[in-house]
1. Beyond a 22 Å Cα-Cα separation, which of these cross-linked pairs lie in this structure: Lys23/Lys143; Lys195/Lys333; Lys295/Lys366; Lys146/Lys359; Lys72/Lys195?
2. Which percent of the accessible area of the chain is formed by carbon and sulfur heavy atoms (probe 1.4 angstrom)?
3. Just to be sure I understand the model, the point goes 7 Å from the Cα along the line to the Cβ. What's the resulting Thr131 to Lys328 distance in nm?
4. Just from its helices, what would the mean residue ellipticity at 222 nm be for the chain, if runs of 4 or more DSSP H residues each count -39500 (n - 2.57) and the sum is divided by every residue, rounded to the nearest 500 deg cm²/dmol?
5. Would you please give the residues with an amide H less than 5 Å from that of Gly283, counting only those at least 5 places away or on a separate chain, with H modeled from the backbone geometry?
6. Roughly how much of Asp233 is accessible, in Å² to the nearest 10, using a 1.4 Å probe?
7. Put a dot 7 Å past each Cα toward the Cβ at Glu19 and Leu74; how far apart are the dots in nm?
8. Just tell me which lysines come within less than 18 Å, Cα to Cα, of Lys122; anything on the same chain fewer than 8 places away is out.
Amino acid sequence: MSCLQSWPEPIVRVQSLSESGIKSIPERYIKPLLHRPSLKNDNFDDDFKDNPDHPRINIPLIDLQDMLSSNKALRDETLRRISSACCEWGFFQVVNHGVNHELMRSAREVWRQFFTLPVEVKQEYANSPTTYEGYGSRLGVEKGAKLDWSDYFFLYYMPQSLRNQSKWPALPSSCRELVAEYGEQVVKLCGELMKMLSVNLGLGEDQLQDAFGGENIGACLRVNYYPKCPQPDLTLGLSPHSDPGGLTLLLPDENVAGLQVRRSGNSWVTVKPVPNAFIVNIGDQIQVLSNAIYKSVEHRVIVNSEKERVSLALFYNPKSDLLIQPMKELVTKNRPALYPPMTFDEYRVFIRTKGPCGKAQVDSLKSNT
């Protein structure tokens, strides 16, 4: 993978900027006017919380409990709702998913504690653009690029050959054990969701998983830390993008909303997290494999002047050197293959070089076919 060995400029930790007491954010973080959030319209308004005349729009919520039912009608209805969410939103929330609720809370809390550690402790894990693994504060390596108002920690969970716990935080002392247990349960849930998506596409239950490499998939965790921001209307915690991988399971901060999903044009819906739910979204690789029956959807993150925010995103990806292309069962004379074959290793160079750029990459592939 041809990426720079080091960052093009000295790294500034956004958390340090926030805690310094600045009243205005540096120019590097100010977005162009058209890309700034309209917090009054985009964020859900407290005035409308209990007002039936202004129902809050939210992404679909799906209870997976019925997938365990012996009643085929209940299972089919759950599958139908998942299919509808994938086609209409590209996003949905799941509850009764099988991941331990206390583990979810503990995982989120241990990472919140990590980000409160002294900066010199966190700096021991400072990352580089070669693999992005470790403690970071930017995506993309273009000199002078606009930056997002966030820090993060990125680590590899699968394949086993890339899992290196010595690169995971040693403090708090429970972090490594919690990450391992959390990763195991969330990866298992991803596998179950892949079966549901595969069936909904008219494929065999395991076909989508097999296209990812069977058991030899990739999984990585990005823990996002969005510090308080004195001018949240001028910047973003994460710029608009679609996820380059296969499937993303996000454990959001239950107390502070921030994720926004693009609906149409420049309309954004702020996701209201449901307690003990995961937010699921389709990535570019599933858009390719499904021949655009399912589409990845642009999303972004807004920030807050009064509260910091922590979220955990687990990315479930194809084996990195496997060619990904539309499934032959989903290619017809009337719907030819929309995307050329490409490995995930090749595909993710784009975002690692240029940073978040909407859906520019997957759309450019389609336009060239």
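The values are calculated or read from the model by the stated rules, or taken from the named source; none is laboratory data. It should be emphasised that the depicted structure is a prediction, and the values quoted were computed from it without experimental measurement. Every residue, glycine among them, receives a Cβ derived from its backbone with ideal geometry; neighbour counts consider all protein chains shown. What goes into the accessible areas is simple: the full protein's heavy atoms, side chains included, and nothing from ligands, DNA or RNA. Shrake-Rupley method; radii C 1.70, N 1.55, O 1.52, S 1.80 Å.
1. Where the Cα-Cα span goes over 22 Å, the pairs concerned are Lys23/Lys143; Lys195/Lys333.
2. About 50 percent, which is the carbon plus sulfur part of the accessible surface.
3. For Thr131 paired with Lys328, the spin-label model returns 3.6 nm.
4. About -8000 deg cm²/dmol.
5. The list, which skips near neighbours in sequence, is Leu247, Thr248.
6. For Asp233, the solvent-accessible surface is approximately 80 Å².
7. 4.9
8. Answer for Lys122, where 18 Å is the Cα cut-off: Lys167, listed by chain and number.
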